[in-house]
Amino acid sequence: QILGTGMDSEDTMPSVLLFFDNKRFIFNAGEGMQRFCIDHILFTRVCSETCGGLPGNRFSFFLSFLWVNIWGPSKLQFLLNAMSTFIPNSSILHAHIFGSDTMPQGGTIIDDDVVKISGTLLQPCNGKNCEGTILLVPSVVYVCELPEVKGRFDPAKAVSLGLQPGQKYGQLQRGMTVETDDGARTIHPDDVMEPSTSGPVFIVVDCPTVSHIPALTSAASLEALYSSPRTKAEVVCVVHLSPSPVVEDAGYSCWMTRFAAAQHVLAGPGWSKTRCPIFKSSALLLAKLNMVCPRVFPFNLGVDKSDTKFSEVKHSPVSISTELTCYYCRIHALWLLTTFSRQFQLLPLPLLGLEKSPAVEDFNLEVIQTEFLNEIPELLSIKQDVKLLYDENALTTTAPACISSKADDLEIVFLGTGSMHPSKHRNVSAIYLHLFERGGMLLDCGEGTYGQLKRRYGIQGADSVLANLKCIWISHIHADHQSGLTRILTARKALLQAQGRVQPILVIGPMFLRRYLTAYERLETLAMDFLDCSQTTIAAGSYNSKFRDTLSLLCGGKRKHIDTGETGYDLATGLDATGRKKLDQVLQELGLKSLLSIPVIHCAHSFGIVLESAQSGWKFAFSGDTRPCDAFVEAAKGATIFVHEATFDDGLLAEALEKNHSLTCEAVQAGAAAGAYRTILTHFSQRYPQIPVFDASYNERTCIAFDMMSVNLVDLPLLPKLVPVMKLMFKEE
């Protein structure tokens, strides 16, 4: 089965799931793969595109005490070393790392009772891709052979040999030799069984660039698969994770014809595009919210806003048909992956082939919203009331002076509003601050953030967001807040590299994050400068002022002022003058007066953030993960927007204390204590499917965040009016 978590957004490599009654093997684990219980993970390459889901999966394995085997080429060790900086080494994960010096081409990797898997390394020719860019990353072709399928027992033959029905029939089927009832003759299994059949073979191919094609087409270890006479069982299916430019190459197309009877699955970048939302539950939720207030809940999901149907396949230059002409080659029964739910049946042999599943239904926004309106007709009048507020420009009449009628100052986009791990309704933490022509910045970057950007802004729009991203701020080292960071950084670097204008982006985070990113850069370069959160605190800003003595205590009595050109160290080492200079430049570009990180009450080196505009005067505060924190409330005094975590409902105080999170009522009270104009709650426990538990503690200044919710400054007066709407929409919850 193809698990296409990136099929609607092209943000990550699809995964290939091979499953039996009692075992599961998955090839590649891009972002969004935490929902699946897996025995073995096999990587075709080691990079953020194919391995982005491993940190989150590894943390889940650690929490669930699951033993999981992972397999991949030699650079896998670099990734594991990097992850060990924030995930305990005691997590139950057994790595099998191979390379050209440790595994012969075509060497067996797994050989058990259900499948034999061998791997062939593809080294890029001259270490360059077709554009000439150095790309020394090897890739792996996996060949999967299922065991021999035993022939069926023939009871007529058994009777003809003098054996009556009974227990001996079962013994023969289990491969045992028996004697006839009168003892006159010995009967062997071969005497009563039909001939065995070779088990099916399928191949997973990831040929990332045309420079890998020579290694693929000349691999001696694959000769037996298409030699004549055949020395191995016939290949029945080839899954191509290769991008469309590679598949369209004449050499690759010719290689495909060597598997004359196989079905070819094109699941790589440029081929595998569906306009049906992959995370349908999340899309349905957003569609309902969009019906009431399209300004705050825009419905895009990676396509043009004028589209309302999302099931069309993105056609390639190669025509799609049962008999496909692919340049000068004829490929039998090639099919494009259009949804992540279709399966290719390997056993039993009579069912061999692509499953006959029904066509995917159109995701029709208009139909969905009409049906929902029929369920709750009261929403029609509410929808009209909300529209009237905008039409009459009534939202800014009682708003603070920093909120004008112009919608080009600040927009807060909630890309992930859940905690700990992704769910079908909420992704993990990420907020994008859109500052329009000045660029933007990310606050936290949980797994799948890149995909969420593409679902919010579209494929091209997300590229524009990445290209204009000026800063990424990470609150703390927990995986649900930063495991999507490397995917964002590598995607941004690749995008700017193609445009010939790579510039390092400023990443601000806790000291443990620097260790992780430094270790990860042995795998992929990230094009970033790092600044420790401690360098953006009140203490750092007052380094040479009246707080010098206090800082001296924080630094162990050793005050230093370091200006060596190096960056990334924490304040205990000294003031990072170079890093702070880069921060000043970023703030100027973004039109911000200040960026202040506030130590909060969670794990070690956890921070909240307060931003102030240099132009219109708005103030934005985000708590990160924390218990109620007086220092954060004090720093956020007078905030225009106060975003606070509300992980647990008010009845779970003991759990909140144990895990250093806030209750709903505590988050609301923190906003009130700060005198915030609007408080927005986020980071909800995934135990609440669509909407968290809330009651009268929600005052007239509070609202609930949802994934893809986009709050412009001019929308702030409206937010509290949406709470009664949410109560009505989700009254059953």
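What to note about this one:
- Here is the list for region 487-544: trypsin sites (Lys or Arg not before Pro) lying in DSSP coil, each with at most 10 other C-beta atoms within 10 angstrom of its C-beta, are Arg501.
- In this structure, the residue pairs whose Cα-Cα separation is over 24 Å, taken from Lys288/Lys387; Lys470/Lys493; Lys280/Lys493; Lys424/Lys731, are Lys280/Lys493.
- A cut-off under 13 angstrom between Cβ atoms defines the neighbours of Glu521, and their net charge, with Lys, Arg +1 and Asp, Glu -1, is +3.
- Computed lengthening from Ile376 to Val159, 0.36 nm per intervening residue step minus Cα-Cα distance: 71.2 nm
- The listed residues Met441, Met511, once ranked by accessible area (1.4 Å probe) with the largest placed first, stand as Met511, Met441.
- Ranking Met726, Met176 from most to least accessible surface, computed with a 1.4 Å probe over the protein chains only, gives Met176, Met726.
- Separation of the Leu354 and Glu366 label points, Cα + 7 Å toward Cβ, nm: 3.0
- The dipole here belongs to region 580-649: it is taken about the Cα centre, uses +1 on the Cβ of Lys and Arg and -1 on the Cβ of Asp and Glu, and is about 320 debye.
- Other-chain or far-sequence residues with amide H under 5 Å of Gly151's (modelled H): Ser196, Thr197
- Normalised per residue, the accessible area of region 133-224 is 49 Å², obtained with a 1.4 Å probe and no contribution from ligands, DNA or RNA.
- The figure for Ile704 is an accessible area of roughly 0 square angstrom, using a 1.4 Å probe on the protein chains alone.
- Taking the 1.4 Å solvent-accessible surface of region 460-525 as the whole, the part contributed by carbon and sulfur is 47%.
- Electrostatic bookkeeping for Pro504 treats Lys and Arg as +1 and Asp and Glu as -1; over the other residues with beta carbon under 13 Å from its beta carbon, the sum is +3.
- Across region 460-474, computed HN-Hα scalar couplings (Karplus, 6.51 cos²θ - 1.76 cosθ + 1.60, θ = phi - 60°) run 6, x, 5, 4, 5, 4, 4, 4, 9, 6, 9, 7, 10, 10, 10 Hz from first to last residue, x flagging Gly and Pro.
- R0 of 56 Å, Cβ-Cβ distance Arg152-Gln77: FRET efficiency to nearest 0.05: 0.75
- Ranking His264, His94 by solvent-accessible area of protein heavy atoms (1.4 Å probe, all protein chains present), from largest to smallest, gives His94, His264.
The values are calculated or read from the model by the stated rules, or taken from the named source; none is laboratory data. As the structure is a prediction and not an experimental result, all values here were calculated from the model. A quick note on method: Cβ atoms are made from the backbone with ideal geometry, for glycine too, and the neighbour counts reach across all protein chains shown. Ligands, DNA and RNA are stripped out before the accessible areas are found, and what is left, the full protein with its side chains, is counted by its heavy atoms. Shrake-Rupley method; radii C 1.70, N 1.55, O 1.52, S 1.80 Å.
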